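Have a look at the structure that comes next, please.
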Amino acid sequence: MNVIILAAGMGKRMQSALPKVLHPLAGKPLLSHVVDTARVLEPSRLCIVYGHGGDAVPTMLAAPDLAFALQSPQLGTGHAVMQALPFLDDAQPTLILYGDVPLTRASTLRRLLDVAGNDKLGILTIAMADPNGYGRIVRENGRITRIVEQKDANKEENAISEINTGIMVAPTPQLRGWLSRLSNQNAQGEYYLTDIVAQAVADGVPVVDAQPDTLAETLGVNSKVQLAELERLHQRAQAQQLLEQGVTLADPARIDIRGTLHCGRDVSIDVGCVFEGIVTLSDGVTVGANCVIRNAEISANAQIKAFCHIEDAVIGTAAQIGPYARLRPGTVLAEDVHIGNFVEVKNSNIAAHSKANHLSYVGDSDVGMRVNIGAGTITCNYDGVNKSRTVIEDDAFIGSDTQLVAPVRVGAGATLGAGTTLTKDAPPGKLTLSRSKQITIEGWARPVKTKK
């Protein structure tokens, strides 16, 4: 099929310079949600009609499978679809979606496509308790005959509860003809896409309908209030899926998934956690409160304690992280590694059973097995121009308040005394330290404040 996504609206009520369709929901633009859903349908042509915000939309979403058509000025939905006509294949039906309606499911769209086939006009409709603001579906003898916009509706028509969601599929040659005959003689002075329904009826083209599974699939965004409401609806739906998979959530209302979260069995997630990108939590993983985890693989039975920040990292089986730990991109931790309070690890490999439990920075390092890194240890990996690596071999013991000035190597089984500044390699199996001699100054007195 062809797919057109209408994304030209200004979104005045958003009170923002950013085009409405680029405002984020669950960590990605509203329009990206619609594009991703459309791609599931494997369309032969996919065209986005943009307008407000200049080239911001095509710049952000540029991709080989997307065509972009500019609507300027914006003269209504029918006019918007006209801009995409040069990109359409007449041999295929055309599905029309909206860039500010992000939660429509592919299964719902397939249902609409199935009832419409290649020769019918299909409309996605839904009954609403409060249809205020929506175009009404007018039926005669059960069949759809036209759609009337609320501003043009009479009292009887405004009492109709079945509304037009805006999502349609039409045979493309007929769509071209209907659009060419649209008029803007209405209350808003615009070319309404909905007017093609009456034309289809007049031409003897069957008008059919399908309904979504949930109201949320049809809701659009016109304000920050509505954006926040859809965010909560979306997050609650994702939480519900996790619960049905057997994940334990301390509070389903206090989790944010801004990407894809894969969970194994017996996973437990406390409140206030944010998951971004692609995150995998294997069997038995526990995540404490208020963690932010982005693009990470966390292996079985690992414990992520409260207030950790993890990004682009791999964490091994039964590892213990935090609380208040930060794992930056390039961190790879093996089995049973302990990273404790206020420890930061970046672009480093730490082998099994090693520990850095307190107040340390490990950057651009390769750490062996069973290494103990004492509190206050820093790998000095950056000289202001270049970054160099530190190597700490198996069974080394790094005393507290040590600085390792890279490039440097600590041999297997070596011990570094507390307070050491290591600028040369430390030989294996030996004690290495650098420390000034301790002295006591006799007769010294602490200064006292003089009276004025």
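The values are calculated or read from the model by the stated rules, or taken from the named source; none is laboratory data. Note that this is a predicted model, so its numbers are computed, not measured. Methodologically, a virtual Cβ is constructed for each residue, glycine included, from the backbone with ideal geometry; neighbour enumeration extends over all protein chains shown. Just the protein is used for accessible areas: all its heavy atoms, side chains included, with ligands, DNA and RNA removed. Shrake-Rupley method; radii C 1.70, N 1.55, O 1.52, S 1.80 Å.
Choose one of His262, Ala69, Thr125: the residue whose Cα lies farthest towards the positive end of the charge dipole of the chain (beta-carbon charges +1 Lys, Arg; -1 Asp, Glu; about the Cα centre).
Working it through, the farthest residue towards the positive pole turns out to be His262.
Okay, next question. Charges on Cβ only, +1 for Lys and Arg, -1 for Asp and Glu, centred on the Cα centroid of the chain; of Ala8, Val362, Pro29, which one is farthest towards the dipole's positive end?
Farthest towards the positive pole: Val362.
Now a separate question. So if we plug the beta-carbon distance of Ala106 and Arg236 into 1/(1 + (r/R0)^6) with R0 = 22 Å, what FRET efficiency do we get, rounded to 0.05?
0.65
Can you tell me, using C-alpha contacts under 8 Å and at least 6 residues apart, the relative contact order of the chain as a whole percent?
Relative CO of the chain lands at 8 percent.
Another question about this same structure. Which ³J(HN,Hα) values in Hz, rounded to whole numbers, follow from the phi angles of the range 42-53 under the Karplus curve 6.51 cos²θ - 1.76 cosθ + 1.60, where θ = phi - 60° and Gly and Pro get x?
Going residue by residue, I get 6, x, 7, 10, 9, 10, 9, 9, 10, x, 4, x Hz, with x marking Gly and Pro.
Where Lys and Arg each count +1 and Asp and Glu each count -1, what net charge lies around Ser223 among other residues with Cβ under 13 Å from its Cβ?
Within the 13 Å Cβ shell, the charges total +1.
Pop a pseudo-label 7 angstrom from the Cα along the beta-carbon direction at both Thr214 and Ala62 and give the gap in nm to one decimal.
Reported label-point gap for Thr214 and Ala62 is 3.6 nm.
Under 5 Å between amide hydrogens, which residues at least 5 positions from Gly330 or on another chain qualify, with H placed 1.01 Å from N in the peptide plane?
Asn347
Let me ask something additional. Treat each spin label as a single point 7 Å out from the Cα along the C-beta direction, and report the Leu18 to Asn141 distance in nm.
5.2 nm
Same structure again: Could you give me D for the range 83-151, from Stokes-Einstein at 25 °C and 0.890 mPa s, where the hydrodynamic radius is the Kirkwood radius over C-alpha pairs? Units µm² s⁻¹, please. Each step should come with its number before you reach the end.
Working: Rh = 14.4 Å.
The Stokes-Einstein estimate is 170 µm²/s.
Could I ask something else about it? Tell me, what is the FRET efficiency for Ala412 and Lys387 to the nearest 0.05, using R0 = 25 angstrom and their Cβ-Cβ distance as r?
Once rounded, the FRET efficiency stands at 0.55.
So for the chain, what percent of the C-alpha to C-alpha distances run longer than 29 Å?
The share of Cα pairs beyond 29 Å in the chain comes to 60 percent.
If the chain between Ser183 and Lys28 were fully stretched, how many nm would it gain, using 0.36 nm times the residue separation less the Cα-Cα distance?
Additional length available on full extension: 52.2 nm.
Using helices alone, what [θ] at 222 nm do you get for the chain, with -39,500 (n - 2.57) per DSSP H run of 4 or more residues, divided over all residues and rounded to the nearest 500? Mind showing how you got there, number by number?
Details: 8 runs with 77 residues, N = 452.
Per the formula, -5000 deg cm²/dmol.
Can you list the residues, at least 5 places off or on another chain, whose amide H is less than 5 Å from the amide H of Gln320, using H built in the peptide plane?
Residues meeting the criterion, in which the H sits 1.01 Å from N, are Gln303, Val337, His338, Ile339.
Send over a whole-number figure in Å² for the accessible area per residue of the range 224-270, probe 1.4 Å.
Value returned for the range 224-270: 56 Å² of accessible area per residue.
To continue, here is another question. For the range 246-296, what % of the accessible area comes from carbon and sulfur atoms, probe 1.4 Å?
45 percent
Another question about this same structure. Solvent-accessible area per residue for the range 79-128 at a 1.4 Å probe radius, Å²? All intermediate terms of the calculation are to be shown ahead of the outcome.
Values: 1780 Å² over 50 residues.
Result: 36 Å² of accessible area for each residue.
Ok, one more. Express the carbon and sulfur contribution to the solvent-accessible surface of the range 65-183 as a percent, rounded to the nearest whole number, probe 1.4 angstrom.
Values: 2510 of 5270 Å².
Its accessible area is 48 percent carbon and sulfur atoms.
What list of whole percents do you get for P(r) of the range 174-271, with Cα-Cα distances grouped in 5 Å bins up to the one holding the largest distance?
In whole percents, the pair-distance histogram is 2, 10, 14, 12, 11, 11, 9, 8, 8, 7, 6, 2, 0.
Taking amide H positions as placed in the peptide plane 1.01 Å from N, state which residues far from Leu404 in sequence (5 or more) or on other chains have amide H under 5 Å from it.
Ile378, Thr379, Cys380, Leu422
What is the calculated FRET efficiency for Asp89 to His358, with r their C-beta to C-beta distance and R₀ = 56 Å, to the nearest 0.05?
0.30
Can you tally the net charge around Ile160? Count Lys and Arg as +1, Asp and Glu as -1, for every other residue whose Cβ sits under 9 Å from the Cβ of Ile160.
-1
Further, regarding this structure: Out of every Cα pair in the range 284-412, what percent are spaced more than 25 Å from each other?
Everything past 25 Å amounts to 17 percent.
How many percent of the accessible area of the range 362-419 is carbon or sulfur, using a 1.4 Å probe?
The nonpolar share, carbon plus sulfur, comes to 55 percent.
May I ask you to give the solvent-accessible area per residue for the range 295-452, in square angstrom, as obtained with a 1.4 angstrom probe?
Result: 53 Å² of accessible area for each residue.
Related question: Explain nothing, just the number: dipole magnitude of the chain about its Cα centre with +1 on each Lys and Arg Cβ and -1 on each Asp and Glu Cβ, in debye rounded to the nearest 20.
Working: 42 positive and 46 negative charges, 377 e Å.
With only Lys, Arg, Asp and Glu charged at Cβ, the dipole is about 1800 debye.
Separation between the Ser223 and Asp55 pseudo-spin-labels, each 7 Å from Cα along Cα→Cβ, expressed in nm?
That separation, rounded to one decimal, is 3.5 nm.
On average, how much area does the Cα convex hull of the range 352-452 cover when viewed from any direction, in nm²?
9.9 nm²
Rounded to the nearest 20 Debye, what is the dipole magnitude of the range 192-333 about its Cα centre when Lys and Arg each give +1 and Asp and Glu each give -1 at the C-beta?
In total the dipole reaches around 720 debye.
What does the net charge come to around Met1 if you take all other residues with beta carbon closer than 10 Å to its beta carbon, with K and R at +1 and D and E at -1?
Here the count lands on -1.
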